[in-house]
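The values are calculated or read from the model by the stated rules, or taken from the named source; none is laboratory data. Fair warning: this is a prediction, and the values are worked out from it, not measured in the lab. Here Cβ is always computed from backbone atoms with ideal geometry, including for glycine, and neighbour counts include all displayed protein chains.
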Ligand SMILES: [Zn+2]
Ligand SMILES: [Zn+2]
């Protein structure tokens, strides 16, 4: 056989990737980013046009506003206590049925399954302010707030999901995630429909379903953007995390982000009694009811005043 024929039959040389940035972006990652763009465009249009137009033409009822507030609290705490402090950081333990309720509440916030959320979040802690940080604040406010969702993620690493992907409750939640999202949104329509017919259902869905989801999404996004750009750093300057009491008011205590980055497994984010941290209060309440155990604390040392819960 001639040398030219041998060269023609030889297998192609293996591709060598020198860094993860060289890896071609898969269709799946690109499709995921496009899906996020479409989803957020639909939600944005509903919030900017549908919600005010309905209010102008039909007016929202006390039920719509009450359900807006109630679901903001439930789905918000589902993220802060369920997805963040429990699933991501294991800052306490609880029975599986309690974990299941917390993860269902988190699913109603439309922030992906607990497994995906925790995997991204642990990578944020491991590579804060670096290229592999999914919400890298060094790339500016827009990217860290929500722009990262619309960009194919080249640095996804299954190792950050290893532990949580072995949790049967989290696996169950991921399996039924689309159904859980539908129950959260569809439930608002059903309640409004029972109370006030078809248009009552539409109003409740727009305000307590879509409008509330938009509010919870943006308050969570503020932790990744505002709390890495503006605020004080009383606990450490090894990364860009900052404390913001204002963000804590919207996010059930998650705004004390500088402390959280320094002591990620602490069940508290606000360590002083005057810190607004309802997520910590819920965990303490579960503890008093014997529904939460092994509450973890950081080794925080302060001379005066003493840290309090
Ligand atoms: Zn952070
Ligand atoms: Zn965290």
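Checking residue 255 against (1) touching a strand residue (DSSP E or B) at 6+ places or on another chain (Cβ under 7 Å); (2) farther than 20 Å from residue 88 by Cα; (3) surrounded by 24 or more Cβ atoms within 10 Å (Cβ to Cβ): exactly one of these is not met. Which one?
(2)
When residue 241 is evaluated against the numbered criteria (1) more than 14 Å from ligand 2 (Cβ to nearest atom); (2) more than 24 Å from residue 94 (Cβ to Cβ), which criterion, by number, is the only one it fails?
(1)
Which of the residues that make up the range 259-296 are assigned to a helix (DSSP H, G or I), within 12 Å of ligand 2 (Cβ to nearest atom) and without any contact (Cβ under 8 Å) to a residue 60 or more places away in the chain?
Within the range 259-296, 259, 260, 262 meet the criteria.
For every residue, the table says whether it meets (1) under 28 Å from residue 65 (Cα atoms); (2) touching a residue at least 12 places away in the same chain (Cβ under 8 Å); (3) outside any loop (DSSP other than H, G, I, E, B).
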site: 160; (1), (2), (3): no, yes, yes
site: 190; (1), (2), (3): yes, no, yes
site: 194; (1), (2), (3): yes, no, yes
site: 200; (1), (2), (3): yes, yes, yes
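Which residues, taken from the range 97-115, are more than 15 Å from ligand 2 (Cβ to nearest atom) and part of a helix (DSSP H, G or I)?
Answer for the range 97-115, where residues must be more than 15 Å from ligand 2 (Cβ to nearest atom) and part of a helix (DSSP H, G or I): 97, 98, 99, 100, 101, 102, 103, 104, 105, 107, 115.
For the range 98-105, state whether one or more residues are within 20 Å of residue 296 (Cα to Cα) and free of Cβ contacts under 8 Å to residues at least 24 places away in the same chain.
No - not one qualifying residue is present in the range 98-105.
Could you tell me whether any residue of the range 56-78 is modelled with pLDDT of 95 or more, under 27 Å from residue 157 (Cβ atoms) and touching a helix residue (DSSP H, G or I) at 6+ places or on another chain (Cβ under 7 Å)?
So far as the range 56-78 goes, yes, one or more of its residues are modelled with pLDDT of 95 or more, under 27 Å from residue 157 (Cβ atoms) and touching a helix residue (DSSP H, G or I) at 6+ places or on another chain (Cβ under 7 Å).
Over 12 Å from the mean Cα position of the chain (by Cα) and either within 16 Å of ligand 1 (Cβ to nearest atom) or buried (at least 16 other Cβ atoms within 10 Å of the Cβ) (or both): does that describe residue 156?
yes
If you go through the range 123-132 one residue at a time, do you hit one that is part of a helix (DSSP H, G or I), free of Cβ contacts under 8 Å to residues at least 60 places away in the same chain and buried (at least 20 other Cβ atoms within 10 Å of the Cβ)?
yes
Which one of the conditions (1) within 12 Å of ligand 1 (Cβ to nearest atom); (2) in a helix (DSSP H, G or I) does residue 239 fail to meet, given that it meets all the rest?
Failing condition for residue 239: (2).
What are the residue pairs meeting all of these: first residue in the range 75-91, first residue outside any helix (DSSP H, G or I), second residue within 16 Å of ligand 1 (Cβ to nearest atom), Cβ atoms under 8 Å, and 6 or more apart or on different chains?
89/264; 89/265; 90/265; 91/85; 91/265; 91/266
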